[in-house]
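> Pasting in a structure now, in structure tokens, and then I'll have a few things to ask.
The values are calculated or read from the model by the stated rules, or taken from the named source; none is laboratory data. Here the structure is a predicted model, which means the values were calculated and not measured. In this analysis, Cβ positions are derived from the backbone assuming ideal geometry, glycine residues included, and neighbour counts consider all displayed protein chains. Ligands, DNA and RNA are excluded from the accessible area calculation, which covers all protein heavy atoms including side chains. Shrake-Rupley method; radii C 1.70, N 1.55, O 1.52, S 1.80 Å.
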Amino acid sequence: MAELDKTQREVGVPGDWTYASAPESRDIVHIDDRYGYFVGGKWLEPSETYETIAPRDEEPLAAIGQATAEDVGRAVAAAREAYADGWSALPGSERAKYLFRIARLLQERSREFAVLESLNGGKPIKESRDVDIPLAAAHFFYYAGWADKLEYAFPNRRPRPVGVAGQIIPWNFPLLMLAWKVAPALACGNTVVLKPAETTPLTALLFCDVLRQAELPPGVVNIVTGDGRTGAAIVESEDVDKIAFTGSTEVGKEIQRRLAGSGKRLTLELGGKAANIVFDDAALDQAVEGIVNGIYFNQGHVCCAGSRLFVQESIYEPLVAKLERRLTTLRVGDPLDKNTDVGAINSAAQLEKIQELVASGKEEGAEIFQPPCVLPEKGYWFAPTVFTNVAQSYRIAQEEIFGPVLSVLTFRTPEEALEKANNTPYGLSAGVWTEKGSRILWMAQRLRAGVVWANTYNRFDPGSPFGGYKESGFGREGGRHGLEPYLRFDE
Ligand code: NDP
């Protein structure tokens, strides 16, 4: 016993519990100097390029093609040819084999994809490794399962593919958004022209190598890169039958205007300003974890982020105290460090938007809290932020910030919570925290949101449909519902 005491004295208790850095090696990833477009199973040389960078330190990563309307035309022609040349007539069980192969290849190469996603997008490696990439693979597995069962999914309706799908995706979940769009399109017998976001093209380009490994017939999936002009060229292409878009409400509205009267199908998954509502009987520590996950996951670059926190007045003070204390334990820093909780902001433009909205919050009279944290000097960074003393009319309570910024508001009764939560042009998601099952159901029935999470937040599953009301868009992705936009049922 005396000896044990002696050992304890000698070893001592560490006074500093900060984490040592644990960087994931990027050696597994090979990035070419220059990328073209993946069209008809081949790489086309771009006439013009731009540079894609790592947002953590602005390191240039590769030259990326800026596809013109002619390039898009070639991609659409390749997709049409592949559609007519066998893909649409292939039995579902054969299409499923390709999808299963893609899913397995994504699993096998998951570390490579995770490192590349974090490098090019800025999100923490633990999120790309544990959420983005596994979910992307899961989507391919899930829709592979539907490919030969469409007749059962829609009995007596003769489901048939729509044709060529133009798909435009954002930068917040690059590979996952690709999977959400490509997997159901292929399962239903369509071919695809997809444009990744300007700032995050690299995992979509690596995905082309997965398609090659899976021996997907040429032209079934075509990837063109570039900025909004390339997206607009896809929208305007005469020979595209369906557009699937995820991004800002502003661009979504523009696309809807362009397509009006064209007969082309359209699904839009747009912005959000979700209410995360905590009642006084909720388990507070659990709720705090859900609030943190709701708004600081992926630096708040999440369309369904719980960016408006509604707290029942009686628990306002203890909850905010717990939340602010929890914020001081979040590790902000290198996206490739396995300990990092909050990574880099995706781009200079997005950082500017966050800074502008945060400045408006201060100016309008809200009280700001940011934990002490040292932000790297290079790259794009923003500290996790909580605003209290927020009025419903403030811009930070109305507009999508798409950053790690939470606005806290209060309510007294469930009716008041509901009215305030629904007081937004958006309607994508919401969260409810309470011990009472009946209250969860009461709220869920009345919240104008496509997804309502109860005592959890930001949970995704390929089997569960996702999509919005009002200015958050229309159409559903995921689940059986996610097949419907890629099918026609005429006789
Ligand atoms: P955008 O809506 O501009 O981008 C989404 C995708 O559409 C990108 O691939 C983009 O290309 C493309 N695009 C841009 N303009 C057009 C066009 N006229 N026709 C067809 N496609 C087009 O979003 P931003 O990246 O500009 O982000 C702005 C704001 O949008 C964010 O601050 C956030 O609030 C919100 N947003 C919401 C998302 C969501 O999931 N709901 C996702 C991303 C952003 P490119 O990348 O080259 O611009």
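> Give the share of C-alpha pairs in each 20 angstrom bin for the chain, from 0 to the last occupied bin, in whole percents, shortest bins first.
Bins of 20 Å from zero give 24, 54, 21, 2, 0 percent of pairs.
> Next question, about the same structure. At what distance in nm do the modelled label points of Glu435 and Arg158 sit from each other, each positioned 7 Å from its Cα along Cα→Cβ?
Placing both labels 7 Å beyond Cα along the Cβ direction yields 5.8 nm.
> When the convex hull of the Cα atoms of the stretch 196-294 is projected onto a plane and the area is averaged over all directions, what value comes out in nm²?
Directional mean of the projected Cα hull area for the stretch 196-294 stands at 10.0 nm².
> Return the FRET efficiency for the residue pair Glu317, Asp130: r is the Cβ-Cβ distance, R0 is 35 Å, and the value is rounded to the nearest 0.05.
0.55
> Restricting to bridges with both residues inside the chain, how much of the DSSP beta-bridge set is antiparallel, in percent to the nearest 5?
30
> Tell me, what is the per residue accessible area of the chain in Å², probe radius 1.4 Å?
In whole numbers, the chain has 41 Å² accessible per residue.
> Order the peptides 152-162, 347-357 from the highest to the lowest mean number of other Cβ atoms within 10 Å of their residues.
347-357, 152-162
> Which percent of Cα-Cα pairs in the stretch 288-333 sits in each 10 Å bin, short to long?
25, 54, 20, 1
> Order these peptides, 204-211, 449-456, by their mean beta-carbon neighbour count within 10 angstrom, highest first.
204-211, 449-456
> Hey, rough spin-label estimate for Asp285 and Asp239, points 7 angstrom out along Cα→Cβ, what's it come to in nanometres?
It works out to 6.2 nm between the two label points.
> Can you divide the C-alpha Rg of the stretch 276-377 by 2.2 N^0.38 Å and report the result to two decimal places?
Rg over 2.2 N^0.38 Å, computed on Cα atoms: 1.14.
> Accessible area of Asp27, 1.4 Å probe, to the nearest 10 Å²?
Counting only protein heavy atoms, the figure is 130 Å².
> Averaging sequence separations of C-alpha pairs under 8 Å and six or more residues apart, then dividing by the length of the stretch 260-346, give the relative contact order as a whole percent.
Computed value for the stretch 260-346: 29 percent relative contact order.
> By per-residue mean of other Cβ atoms within 10 Å, what is the highest-first order of 290-302, 80-92, 461-473?
290-302, 461-473, 80-92
> Using alpha-carbon pairs under 8 Å, 6+ residues apart, how would you state the relative contact order of the chain in percent?
Value for the chain: 18 percent.
> For the stretch 265-313, just list the percent of Cα-Cα distances falling in each 10 Å bin from zero outward, please.
The distribution over the stretch 265-313 is 26, 45, 21, 7, 2, given as percents.
> Specify the angular offset, from 0 to 90 degrees and rounded to the nearest 10, of the alpha carbon long axis of helix 348-364 from the longest principal axis of the alpha carbons in the chain.
Once rounded, the angle reads 40 degrees.
> Lysines within cross-link reach of Lys338: Cα-Cα under 28 Å, excluding same-chain residues under 8 positions apart?
Candidates past the 8-residue exclusion: Lys123, Lys126, Lys322, Lys353, Lys378.
> Could I ask something else about it? Which FRET efficiency value, to the nearest 0.05, do you get for Ser464 and Val374 by plugging their Cβ-Cβ distance into 1/(1 + (r/R0)^6) with R0 = 25 Å?
Calculated value: 0.05.
> Ignoring ligands, DNA and RNA, please state the percent of accessible area on the stretch 345-413 from carbon and sulfur, probe 1.4 Å.
49
> For Arg446 paired with Arg412, estimate the spin-label separation in nm (one decimal), with each label point 7 Å from Cα along the Cα-to-Cβ line.
Result for the modelled spin labels: 1.6 nm.
> Another question about this same structure. Carbon and sulfur together cover what percent of the accessible area of the stretch 104-193 at a 1.4 Å probe radius?
53
> Something else about it: Could you name the lysines in cross-link range of Lys242, using Cα to Cα under 23 Å and dropping any fewer than eight places away on the same chain?
Lys149, Lys181, Lys195, Lys253, Lys264, Lys470
> Pairing the Cα long axis of helix 2-11 with the longest principal axis of the chain, what angle in degrees results, from 0 to 90 and rounded to the nearest 10?
60
> Where nothing but the Cβ of Lys and Arg (+1) and of Asp and Glu (-1) is charged, how large is the charge dipole of the stretch 50-146 around its Cα centre, in debye to the nearest 20?
520
> Need the full-extension length gain, His481 to Ala69, defined as separation in residues times 0.36 nm minus the C-alpha distance. One decimal, nm.
So the extension gain works out to 145.1 nm.
> Taking the chain as the reference, fit the longest principal axis to its C-alpha atoms, fit the long axis of helix 69-82 to the helix C-alpha atoms, and give the angle between the two in degrees, 0 to 90, nearest 10.
Between the helix axis and the principal axis of the chain, the angle is about 70 degrees.
> Given a cut-off of under 8 Å on Cα pairs at least six residues apart, what relative contact order in percent is computed for the stretch 283-423?
31
> Scaled to the compact-protein estimate 2.2 N^0.38 Å, what is the alpha-carbon radius of gyration of the stretch 105-257, rounded to two decimal places?
For the stretch 105-257, the normalised Cα radius of gyration comes out at 1.04.
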